[in-house]
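Only one structure is covered here, and it is reproduced in the block below.
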Amino acid sequence: MRFHLKIWRQERRDTPGKMVGYDVDGITADMSFLDMLDRLNERLVDKGERVVAFDNDCREGICGQCSLYIDGRAHGPGHATTTCQVHMRQFEDGDTIHVEPWRARAFPIISDLVVDRSAFDRVIQSGGYVSVHAGTAPEANSIPIPKDRADRSFDAATCIGCGACVAACKNGSAMLFTAAKVSHLSLLPQGRIEAQERALKMVAQMDREGFGNCSNTGACEAVCPKEISIEHIGRLNWEFLKAALSRGK
Amino acid sequence: MRLDAKIPDGPLPDKWSLHKSRIRLVNPANKRHLKIIVVGSGLAGASAAASFGEAGYRVDCFCFQDSPRRAHSIAAQGGINAAKNYQNDGDNVHRLFQDTIKGGDYRSREANVYRLAELSTSIIDQAVAQGVPFAREYGGLLANRSFGGVQVQRTFYARGQTGQQLLLGSYGALSRQIRSGTVTMHPRSEMLDLVVVDGQARGIVVRNLETGEIERYAAHAVVLATGGYGKIYYLSTLAMGCNATAIWRAHKRGALFANPSFNQIHPTCIPVLGDSQSKLTLMSESLRNDGRIWVPKAQGDGRKPNDIPEEERDYYLERKYPAFGNLTPRDIASRAAKEVCDEGRGAGPTGRATYLDFRDAVARVGRQVISERYGNLFDMYRTITGIDPYVDPMLIYPASHFSMGGLWVDYNLMTTIPGLFALGECNFSDHGANRLGANSLLQACVDGYFVIPYTMTDYLAGERGKKPLPTDHPAFDEAAKGVDEQVRHFTTNAGKRSVDSFHRELGEVLWDSCSISRTAAGLESAISRVRDLRAEFHRDVKVPGGADRLNPEIEKAGRVADYLDLGELMCHDALQREESCGAHFREEYQRDGEAVRNDEEFMYVSAWEYQGPGGAPKLHKETLEFEYSTPAVRSYK
Ligand SMILES: Cc1cc2nc3c(=O)[nH]c(=O)nc-3n(C[C@H](O)[C@H](O)[C@H](O)COP(=O)(O)OP(=O)(O)OC[C@H]3O[C@@H](n4cnc5c(N)ncnc54)[C@H](O)[C@@H]3O)c2cc1C
Ligand code: FES
């Protein structure tokens, strides 16, 4: 198979970027999208050109490091997937494929397809954890948790922090990401205690980072590799509201 | 050099508590003046950095990914062991200890392994308190399952994403310390050298991967928690960035490297499908709880698997190892898969695969239950291969997965360089010649949360009142200059070949000669091939794009340079060990197809000393003594 790629090239944070066209051939259907980009890069090395920088690590859909806008969709074609799990059998021979970085105010471009997602880390740092001491804890089975509750908590906890939700949102909102963490913890008795405080702090940090507001279009849910439901946003709003009320805000 | 493992005296079950009670302490006011560098933010690094931060030390933590949450611990699927005995099936600390010692084929240190088993129970408590959503039973209590090499159910899991959930727990703890100002996080940073002055570790040199700047960091102690080097084979279950660079450069500065050839080849991975694959995805060992492994009885049987009748299938693990069946340890299962494929009975388009079949399990418990247990793994398999495992059996084959070898450490997890510690997969300490499933998440957590916070304090008590080395010290200049020169060498070399092409070739050499099975002749020829390849690499590698910016080719080049060195050491190690043990199977040392260990001559840890570029590495031996377990022929029959 052969493809025509149009890829965003930008040397550094502060230099302008543009779409550049490349042809790749010798691609097989069972290659992954990133194997295909490796192939392109190997050709660029042969020609002595700077390779296309793109984030990736685990290549099995769990680390959240890969992040591409492929043909106008976060993580490309397919449902509930990450870019590294996209395979070339999902494209037609001869296709032109557009490859761009995540675009959002809170995720500045570092180089080519690589963006700075440290805002997510700071949102978690603002309160996305249970404040337990490292090294001591009560006996695990002393806190029974109904299975369905633990399962629902897991459904939220499965977020890989890739940022597709932000990239897909026209407002660049991080509500789904933040809500997933708030939900994961507030569904568990261990995390209940700080639930309201956590919601307040994380929402405030989200605003500080320049993420936009949520207008409930559900674009985030549609591209989430882990199918995190926008129902969690409801739970975040609820915790936030309770907290705001109880503080007389 | 005499290797002193510093194993505390006293009866095995009391060693750790006696040791802790004798350890020197540092008062809180002094902790604020002590700096610790932690390289790595996986389970081992994040938990250590969070624990140090909480104790009041000043911590700098580094990782090469864009966020600490992405360390490769995230990819662990199956579970974590703990001797909680929640299932009341006869488990206890002693049994976990025995299983681990036996699983490692009597090539690990009793005292370390016992401590691992002893501390296993606390880790589950810790994780649950952090909000890790482990699987639960309908009554609300924690659920368990079995893993290879054991006969009890002691593995805790969070669907197929146990590593992710545990790592997010320690990432939370780390984030909390970053927020409180005790830990400074440096993502997109790669450690490229260790600074040693008067024999003591005093700092590191890193490359800022975004800007290309070479940065210097000084501290009272340096902790490496940089994960495994199984990616040396190029094709592996590891992440693309996994490397030996941090530990290798520490090795070059004097840290001994232990058992480098003990590499685990995991039996159940997605096989090689073409020549452009970058990775072999693991299909978790937990699948062997319900999946049955087989190949056709006849050679070259070209029929579709579902057309092959029951009596013409060879469930070879069940046949050869009836007591453990599909749950035999990994080294044995991998070797058995290679054997049946070598006999010409392999499955799939290349003949280098076996079947992992869920037909009987689906018939027994129903599709729904199987989907609850393994749904995400089945989906992943289908995405990658296009085959639906609910209908057709999976095709699987062994792939490089875990390094039991790593930096030599004593009981305190300190390397042979005072002030340099190694935790998690990058040390050699607990798994001997073969790691049991679900024991390495355990080791990474135990090292980081429960061991290093104590042993580090003891070390730092001796550093009180000392200032960190100034970063303009000549030792820093020398290290930074070396790093800069290497980067410049890559980017200005007038070569023709890409870094990946060298890595693939190195991987093939090692896979052929130093993986599932090894021979003296094969290893000798591999050593000379690796040497030639290394010379060619430095002559002919091509790294376009410049040094002072984000340039993934530079990162890869540095890692491959170190893999080329380590690859040779692995072969030396495998060559000197004239026995078969665990993952190290020397074809010359077998009886009726089973490994033959030689306890008389090889009951030691091989610890290698670097002798300069081109120098023959020097072997040191730490003799292993077994007081509480009796080295026996490992039988899973
Ligand atoms: C696919 C897969 C599945 C697994 N499943 C299981 C399982 O079910 N149960 C189990 O017990 N074990 C499992 N394992 C093994 C287990 O996950 C690992 O052994 C363990 O997580 C290692 O943790 P770690 O903290 O030592 O290293 P890692 O989590 O690999 O972390 C390494 C850290 O070091 C950093 N680093 C590395 N090099 C440098 C450098 N030069 N400079 C700066 N930073 C650096 C990285 O950025 C990262 O933060 C699995 C492994 C794989 C690959
Ligand atoms: S590379 Fe890890 S999720 Fe894609």
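Rule-based calculations on the coordinates, nothing more; no lab input. The structure presented is a predicted model; accordingly, all values stated were derived computationally and were not measured. Because the Cβ atoms are built from the backbone with ideal geometry, glycine has one as well, and the counts that use them run over all protein chains shown.
Determine, for B:ARG529, A:ARG198, A:ARG149, B:ARG24, the number of other Cβ atoms within 10 Å of each Cβ, and report the residues in order from fewest to most.
Numbers: B:ARG529 20, A:ARG198 26, A:ARG149 15, B:ARG24 11.
Listing B:ARG529, A:ARG198, A:ARG149, B:ARG24 from fewest to most nearby Cβ atoms yields B:ARG24, A:ARG149, B:ARG529, A:ARG198.
Any chance you could list the semi-axes, whole Å, largest first, of the equivalent ellipsoid that the Cα gyration tensor gives for region A:103-249, using √(5λ)?
Values: eigenvalues 138, 57, 49 Å².
Each semi-axis is √(5λ); the values are 26, 17, 16 Å.
Where the centre of each part is set by its Cα atoms, how far does region B:140-215 sit from region A:133-180, in angstrom?
When both Cα centres are located, 19 Å separates them.
Need the list of aspartates and glutamates near A:LYS47 for cross-linking: C-alpha distance under 16 angstrom, and skip anything on the same chain fewer than eight residues off.
Those aspartates and glutamates meeting the cut-off are A:ASP23, A:ASP25, A:ASP38, B:ASP500, B:ASP540, B:GLU553.
May I ask you to evaluate 6.51 cos²θ - 1.76 cosθ + 1.60, the Karplus curve with θ = phi - 60°, for each residue of region A:166-175 and list the ³J(HN,Hα) values in order in whole Hz, giving x for glycine and proline?
These are the phi-based 3J(HN,Hα) values: 5, 5, 7, 7, 5, 9, x, 8, 9, 4 Hz.
Name the lysines eligible as straight-distance cross-link partners of B:LYS621: C-alpha to C-alpha under 25 Å, and not fewer than 8 places from it in the same chain.
Output for B:LYS621: B:LYS6, B:LYS15, B:LYS102, B:LYS252.
Divide by every residue of chain A the summed helix terms, -39500 (n - 2.57) for each DSSP H run of at least 4, and state the resulting mean residue ellipticity at 222 nm, rounded to the nearest 500 deg cm²/dmol.
Numbers: 9 runs with 89 residues, N = 249.
Here the helix-only value at 222 nm equals -10500 deg cm²/dmol.
So, R0 is 30 Å and r is the distance between the beta-carbons of B:LYS466 and B:ARG22; what FRET efficiency does that work out to, to 0.05?
Details: r = 23 Å, r/R0 = 0.76.
That gives a FRET efficiency of 0.85.
Sorting B:THR182, B:THR630 on the 10 Å Cβ count, fewest up front, what's the list?
Ascending number of Cβ neighbours within 10 Å: B:THR630, B:THR182.
With charges only on Cβ, +1 for K and R and -1 for D and E, what is the dipole size of region B:1-156 about its Cα centre, in debye, rounded to 20?
520
Is there a quick way to get the dipole size of chain A? I mean about its Cα centre, with the Cβ of Lys and Arg at +1 and of Asp and Glu at -1; what is the value in debye to the nearest 20? Mind showing how you got there, number by number?
Values: 31 positive and 33 negative charges, 223 e Å.
About 1080 debye.
Put +1 on the Cβ of each Lys and Arg and -1 on the Cβ of each Asp and Glu in the protein assembly as shown; which of B:GLY56, B:GLN277, B:ALA239 then has its Cα farthest toward the positive end of the dipole?
Selected residue: B:GLY56.
Grab the DSSP H runs of chain B that are 4 residues or longer, score each as -39,500 (n - 2.57), total them, divide by all residues and round the 222 nm result to the nearest 500 deg cm²/dmol. Walk me through the intermediate numbers first.
Working: 18 runs with 228 residues, N = 637.
About -11500 deg cm²/dmol.
Using the basic label-point model (7 angstrom from Cα toward the beta carbon), what is the B:ASP275 to A:LYS47 distance in nanometres?
Here the answer is 2.3 nm between the modelled labels.
Using the crude model of +1 on Lys and Arg Cβ and -1 on Asp and Glu Cβ, and no other charge, please compute the dipole size for region A:117-246 relative to its Cα centre, in debye to 20. Walk me through the numbers on the way to the answer.
On the way: 14 positive and 13 negative charges, 34 e Å.
Charge dipole, region A:117-246, about its Cα centre: 160 debye, nearest 20.
Throw me the Rg/Rh for the protein assembly as shown, computed over C-alpha atoms with Kirkwood Rh, two decimals.
On the way: Rg = 25.7 Å, Rh = 27.5 Å.
My calculation of the ratio gives 0.94.
Along its principal axes, what span do the Cα atoms of chain B show, with the longest given first and each in whole Å?
73, 60, 48
For region B:266-401: lysine pairs with Cα atoms under 24 Å, gap of 8 or more or different chains, count? Could the numbers behind the result be given before it?
Details: B:LYS279/B:LYS338; B:LYS297/B:LYS320; B:LYS297/B:LYS338; B:LYS304/B:LYS338; B:LYS320/B:LYS338.
Lysine pairs, 8 or more places apart or on different chains, close enough: 5.
Going by C-beta contacts inside 10 Å, put B:TRP248, B:TRP408 in order with the fewest on the left. Kindly include the intermediate steps, with their values, before the conclusion.
Details: B:TRP248 24, B:TRP408 27.
So the ranking, lowest neighbour count to highest, is B:TRP248, B:TRP408.
Please state the shape class of region B:576-625: rounded when a/c is under 1.5, otherwise prolate if a/b exceeds b/c and oblate if not, all from the C-alpha gyration tensor. Walk me through the numbers on the way to the answer.
Working: a/c = 3.59, a/b = 1.82, b/c = 1.97.
Here region B:576-625 falls in the oblate category.
Could you give the angle, 0 to 90 degrees to the nearest 10, between helix B:43-55's Cα long axis and the longest principal axis of the Cα atoms of chain B?
Tilt of helix B:43-55: around 40 degrees.
Please compute the contact order of chain B in relative form: average sequence separation of alpha-carbon pairs under 8 Å and at least six residues apart, divided by the residue count, as a percent.
So the answer I get is 20 percent.
Charges on Cβ only, +1 for Lys and Arg, -1 for Asp and Glu, centred on the Cα centroid of region B:139-269; of B:ASN259, B:GLY212, B:VAL195, which one is farthest towards the dipole's positive end?
The one lying farthest along the dipole's positive direction is B:ASN259.
Could you name the lysines in cross-link range of A:LYS181, using Cα to Cα under 18 Å and dropping any fewer than eight places away on the same chain?
A:LYS201, A:LYS226, A:LYS242
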